[in-house]
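Since the structure comes first, as structure tokens, the remarks are kept for the end.
FYI, it's all coordinate maths here, none of it is from the lab. All values derive from a computational prediction rather than experimental measurement. With ideal geometry, Cβ positions are generated from the backbone for all residues, glycine too; neighbour counts draw on all protein chains shown.
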Amino acid sequence: MLADKIEFIVSSPLKRTIETAELVNAQLNLPVRVDERLTEFDCGEIEGRRLKDVSAAYGEERICKFLSFHDEQSLNKCLPGGETKRAALTRTINALLDIAMTERAQKIGVSSHGLIMMILMSYAGCERVLPPANGDIVRIMYTNKKGIVNKGSWQFVELIPNIISSAPGIRL
């Protein structure tokens, strides 16, 4: 499905994303690079806790507000002890732009994490409130403006649910 469109694969350094990148790469035989900037969002004090426990401790409304992207100011919000959405978005975008330039790839497969992808999806115009699930494929397009790499625009294209984990073998 997407095999003829992906030119390069980049992964977060965490084991589960590297395993996913390798699983996809077994079918595609593409260059794979690990980039520290694609690591999971730093949730601070709530790291490793279940959403229902976090909602009970901090209030469901506060967590929902944190996860939403209603305005530019929401990018500056963070959970106690964690990073801001702006910091996570900036490092993710910088990683993707650097890889696109150095590898001269236009279609990059990214193996990352739900919250990182949700932040990028929201920035690209997707109104989905929850992060994508494991195995989901998210298509986001970056359009460069007049040869100035960091002055382009990001657009959410589609979310293809559970394509990697639902098939016997990967359908790309």
Exercise. If you count, for each residue, the other Cβ atoms within 10 Å and average over each peptide, how do 77-83, 155-161 line up from highest to lowest?
Worked result: 77-83, 155-161
Seminar exercise, completed: The correct pair for region 1-143, radius of gyration to one decimal and Dmax as a whole number, both in Å and from Cα atoms, is 15.6, 46
For this session: For Ser11, enumerate residues with amide H under 5 Å from its amide H, sequence gap 5+ or separate chain, H modeled in the peptide plane.
Result: Arg33, Val34, Asp35, Ser111
Exercise. Where does the charge balance sit around Arg104 when Lys and Arg score +1, Asp and Glu -1, over other residues with C-beta under 15 Å from its C-beta?
Worked result: -1
Seminar exercise, completed: Charge tally for neighbours of Asn94 with beta carbon under 13 Å away, counting Lys, Arg as +1 and Asp, Glu as -1, is 0
Exercise. Which value in nm describes the separation of the simple spin-label points at Lys15 and Asn144, placed 7 Å from the Cα toward the beta carbon?
Worked result: 3.8 nm
For this session: Could you tally the net charge around Val10, taking each other residue with its Cβ under 14 Å from the Cβ of Val10, Lys/Arg +1 and Asp/Glu -1?
Result: -1
Exercise. In terms of the Cα gyration tensor, with a ≥ b ≥ c the square roots of its eigenvalues, is region 3-78 rounded because a/c is under 1.5, prolate because a/b exceeds b/c, or oblate?
Worked result: prolate
Problem set entry | Gained length - Ser153 relative to Asn134, 0.36 nm times residue gap less alpha-carbon distance | 4.2 nm
